[in-house]
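The values are calculated or read from the model by the stated rules, or taken from the named source; none is laboratory data. Source: prediction; values computed, not measured. Using ideal geometry, Cβ is built from the backbone for each residue, glycine included, and neighbour counts are taken over all protein chains shown.
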């Protein structure tokens, strides 16, 4: 038989353990990216050039260098500087920092799409900059960019196999180990591909649902 269903079922528990790591890395990495990305956006929009220029450089550096290189740097170079983390923590940090740069640009596009009149109205109401941004601008700027942020969530999910390069036993790495042990790759790799497809579709559906709920709050 080209595809052995019995062997596929036997492989499921191991692959599910890898799937848990994959989902954990994606969820925590994306949470990190969303928070840090917003911070980078606000720093880049600062009127103080000593803050905005270095932030812009960091963003462009992260966007312009390969994710795998960044992960290798965190895993192999930081320990020589006295910073030691577990492989999974390193992977989450690498994913989060890389995608934070992309999320930052998405946030920036959303903020810049807000009509100038909204800023002027906040000023007229004597709101400080912090209140204006978090109470007036961001609630209108974020809903329209949810689809773009959601795309990066799916992209991050599909990038988690890169973590196998630093010994993280995520789903694809578990499939490769099973294949090497039994000299059968078609079953575990097929299941991994199906899992990525299903999880990506579920994530996309959730993003569309969230987009529909936030649509009334978008700036018009």
(message) Based on this model, can you work out whether residue 121 counts as under 19 Å from residue 63 (Cβ atoms), without any contact (Cβ under 8 Å) to a residue 60 or more places away in the chain and part of a helix (DSSP H, G or I)?
(response) no
(message) Just the residues that are within 30 Å of residue 197 (Cα to Cα) and either surrounded by 15 or more Cβ atoms within 10 Å (Cβ to Cβ) or in contact with a helix residue (DSSP H, G or I) (Cβ under 7 Å, 6 or more places away or on another chain) (or both), please, taken from the range 25-58.
(response) 25, 26, 28, 29, 30, 32, 33, 34, 36, 37, 38
(message) Would you confirm whether or not the range 74-95 contains a residue that is modelled with pLDDT of 95 or more, surrounded by fewer than 22 Cβ atoms within 10 Å (Cβ to Cβ) and either under 20 Å from residue 45 (Cα atoms) or in contact with a strand residue (DSSP E or B) (Cβ under 9 Å, 6 or more places away or on another chain) (or both)?
(response) no
(message) It is to be established whether one or more residues within the range 174-183 are at pLDDT below 90 and not in a helix (DSSP H, G or I).
(response) yes
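Please state which one of 197, 201, 214 is assigned to a helix (DSSP H, G or I) and in contact (Cβ under 8 Å) with a residue 12 or more places away in the chain. Let's see the steps before the verdict.
Working: 197 fails: in contact (Cβ under 8 Å) with a residue 12 or more places away in the chain; 201 fails: in contact (Cβ under 8 Å) with a residue 12 or more places away in the chain.
Step by step, each of 197, 201, 214 is checked, and only 214 is assigned to a helix (DSSP H, G or I) and in contact (Cβ under 8 Å) with a residue 12 or more places away in the chain.
Is one or more of the residues making up the range 100-115 out of contact with any helix residue (DSSP H, G or I) (no Cβ under 8 Å at 6 or more places or on another chain), modelled with pLDDT under 90 and part of a helix (DSSP H, G or I)?
yes
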